[in-house]
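Note sheet for the following structure.
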Amino acid sequence: MPELPEVEVVRAGLEPAVAGATVTAVNVFDGRSLRRHDGPSEDFVDRMTGARLAAPRRRGKFLWVPIDPPGGSGHEAEALVVHLGMSGQVLLREPDAPRDRLTRISFDIAHPLHPVLRVDFVDQRIFGSMSIDRLVESGDVPGDLVPSQVSHIARDPMDRAFDDAAFFAKLAKRNTGIKRALLDQTLISGIGNIYADEALWAARIHYDQPTATLSRPRAKTLLAEVRLVLGKALAEGGTSFDAQYLNVNGESGYFSHSLNAYGQQGEPCPRCGRLIVREQFMNRGSHFCPFCQRIRTAR
DNA sequence: CCGGACTCCTGGTTGC
DNA sequence: TGCAACCAGGAGTCCG
């Protein structure tokens with residue numbers, strides 16, 4: 001599932017292609033991908049056609065491209081918001097390249113510095129979406145704008161303005177399990193099931209350890225491991241990235257060959273050799289080492 | 001505030 | 001071989 005590293009790879013790859021480009025045509029093949037757009041498909045097409053695109057931005061798993069609509073000034077700031085959901089991909093293609101069967105939305109873009117390109121939004125399961133949204137003040141950093149539908153999403157741990165101390169304080173006040181907290185995008189964003197399991201394994205913390213009983217040093221270790229695992233994935237996603245084609249979902253985008261816990265049930269724990277277990281938790285799988293990762297009770 | 005259930009959805013895999 | 005059931009889960013909403 002696309003998590004922070006995969007979305008960041010898309011953002012970075014998209015940037016040189018779309019920043020400064022103009023949308024010359026929009027095709028909506030499946031309106032269900034506009035579920036989060038406030039208006040019909042025609043409205044989306046009308047407002048995107050002719051729009052000038054700025055450099056894409058990201059918070060957590062949300063991606064957006066600020067747009068300058070053809071109308072010009074007087075209009076409030078807007079952005080094309082992209083969420084990849086479970087299976088979304090953004091592909092940059094030559095204008096005449098064949099389309100993926102599961103392409104839901106497609107844009108033709110013209111750029112003053114390079115040839116016309118096509119941007120395809122491919123999404124098998126349609127949990128992802130595109131929408132036009134207005135930009136609002138993020139609230140903590142003046143002048144920092146985010147789409148209104150992203151305003152409740154916390155900053156992600158790779159964000160310079162992420163406040164470690166505030167995160168630890170909120171964590172301590174929560175009355176819940178640590179994995180639930182890691183997956184709560186309003187507390188810390190960008191982490192999904194894969195990297196949650198990986199970071200918890202690295203920090204030797206059980207997924208259901210109550211947040212209130214997690215000592216400050218262990219919480220610090222966990223946040224450091226979160227950043228480490230996201231950073232590694234980012235580096236690997238970056239190396240396999242081909243400037244011509246952005247591929248989000250493919251196995252290549254994930255550093256599946258370096259997973260220690262996720263999907264490793266039945267395999268020996270790389271640290272202690274005991275078998276990794278998979279348990280059902282929060283309607284999904286939780287993978288962990290039952291020896292390295294035990295719930296610690298406060299004494 | 002918290003957690004569980006439910007919704008969106010389809011391709012690939014499993015099981016009979 | 002054929003087909004149906006099952007599984008994957010990000011995020012929002014609703015309810016107890």
Anything in region A:27-47 that is crowded, with 19+ Cβ neighbours inside 10 Å and away from DNA strand B (no atom under 16 Å from the Cβ)? List them, or say none. A:Phe44, A:Arg47
Away from DNA strand C (no atom under 16 Å from the Cβ), hydrophobic (A, V, I, L, M, F, W, C) and within 12 Å of A:Phe107 (Cβ to Cβ): is that true of A:Ala17 in this structure? yes
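I'd like the full set of residues that are closer than 23 Å to A:Ile126 by Cβ and either of a type in the set (Val, Ile, Thr) or away from DNA strand B (no atom under 16 Å from the Cβ) (or both), limited to region A:1-17.
If the condition is that a residue be closer than 23 Å to A:Ile126 by Cβ and either of a type in the set (Val, Ile, Thr) or away from DNA strand B (no atom under 16 Å from the Cβ) (or both), then A:Glu3, A:Leu4, A:Pro5, A:Glu6, A:Val7, A:Glu8, A:Val9, A:Val10, A:Arg11, A:Gly13, A:Leu14 are the ones that fit.
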Residues in region A:124-168 that are among the β-branched types (Val, Ile, Thr), in a strand (DSSP E or B) and surrounded by fewer than 20 Cβ atoms within 10 Å (Cβ to Cβ) total 1
Within region A:191-242, count every residue that is away from DNA strand B (no atom under 16 Å from the Cβ), surrounded by fewer than 17 Cβ atoms within 10 Å (Cβ to Cβ) and of a type in the set (Ser, Thr, Tyr). 3
Scan (1) closer than 27 Å to A:Asp144 by Cβ; (2) modelled with pLDDT of 90 or more; (3) among the charged types (D, E, K, R) for the single condition A:Glu76 breaks and write down its number. (2)
Close pairs (9 angstrom Cβ cut-off, 6 or more residues apart or separate chains): on the phi < 0 side of the Ramachandran plot in region A:271-288, in a strand (DSSP E or B) and small (Gly, Ala, Ser) anywhere: A:Val277/A:Ser286; A:Arg278/A:Gly285; A:Arg278/A:Ser286; A:Glu279/A:Gly285; A:Glu279/A:Ser286; A:Gln280/A:Ser286; A:Phe281/A:Gly177
For region A:105-123, does any single residue satisfy the condition of being part of a loop (DSSP other than H, G, I, E, B) and within 16 Å of DNA strand C (Cβ to nearest atom)? no
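The values are calculated or read from the model by the stated rules, or taken from the named source; none is laboratory data. Source: prediction; values computed, not measured. Reconstructed Cβ throughout: ideal geometry from the backbone, glycine too, with neighbour counts over all protein chains shown.
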